[in-house]
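Computed from the coordinates by the stated procedures, all read-outs in this text should not be read as laboratory data. What you are looking at is a predicted structure, and each value in this text was computed from that prediction instead of being measured. Glycine gets a Cβ as well: all are built from the backbone with ideal geometry, and neighbour counts include every protein chain shown.
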Amino acid sequence: MKIIEGLKNYWKWRKIIYNDSWWDSHFLFDIMRFKIEQMETGFRNHGWGVMSEKDADKMKICKLLLDRIIKDDYYDNVFKYHYEKWGESEFTWNDTENPEFVSLEITHKNAITDDDKIQEREEFRNLMGREGVLKKQDIDYLFKLMSKHILYWWD
């Protein structure tokens, strides 16, 4: 019986295992998401415990957080309105006095005046910090939720 279950597990995990690599947290998040998805399905469909449904709901929250972390579109979400307001970034590479170096000029079509350019740069700097904060919040919430409940996720 254990051999059959092991083969079923191997078959379910084959894509995750095949695509796994050691060099990036993204792969760890993929493994965690897959495992929590399997547990959520099991608790929701076959759970015997009184709290099975509520535990599955907590697992679903973890899965949704992992989806956001894996998708990693924090930059797009943070800068969406910035680019709507100022226009997409336009990059120009300029030569410098030293032929080994170039300078990069980033402009936006709606930042016309010097005051606009100053305001756009300030907003950009503030948003850069926001992107990291949002991702860290999701990761912190994920691990806080798991830390609080994971020892009770058994059936």
Original post:
Looking at segment 89-153 from every direction and averaging, what is the projected area of its Cα convex hull in nm²?
Top reply: 7.9 nm²
Subject >> Qualifying chymotrypsin sites (Phe, Trp or Tyr not before Pro) in segment 71-155, DSSP loop, other Cβ atoms within 10 Å at most 11 >> reply: F101, W154
Original post:
Along the charge dipole of the chain, Cβ charges K/R +1 and D/E -1, which of V50, T96, I17 sits furthest on the positive end?
Top reply: V50
Original post:
In square nanometres, what is the average projected area of the Cα convex hull of segment 56-115?
Top reply: 7.2 nm²
Original post:
About its Cα centre, what dipole magnitude does segment 13-155 give when the only charges are +1 on Lys and Arg Cβ and -1 on Asp and Glu Cβ, stated in debye to the nearest 20?
Top reply: 1180 debye
Original post:
Quick one: which of K2/K63; K12/K60; K80/K135; K58/K80; K63/K144 span more than 21 angstrom between C-alpha atoms?
Top reply: K2/K63; K58/K80
**OP:** Over the residues of segment 2-152, compute the C-alpha Rg and express it relative to 2.2 N^0.38 Å.
**Re:** 1.55
Original post:
What are the ³J(HN,Hα) values, in whole Hz, obtained from phi via the Karplus relation 6.51 cos²θ - 1.76 cosθ + 1.60 with θ = phi - 60°, for each residue of segment 138-153 in sequence order, with x given for Gly and Pro?
Top reply: 5, 5, 4, 5, 4, 6, 5, 4, 5, 4, 6, 10, 4, 5, 9, 8
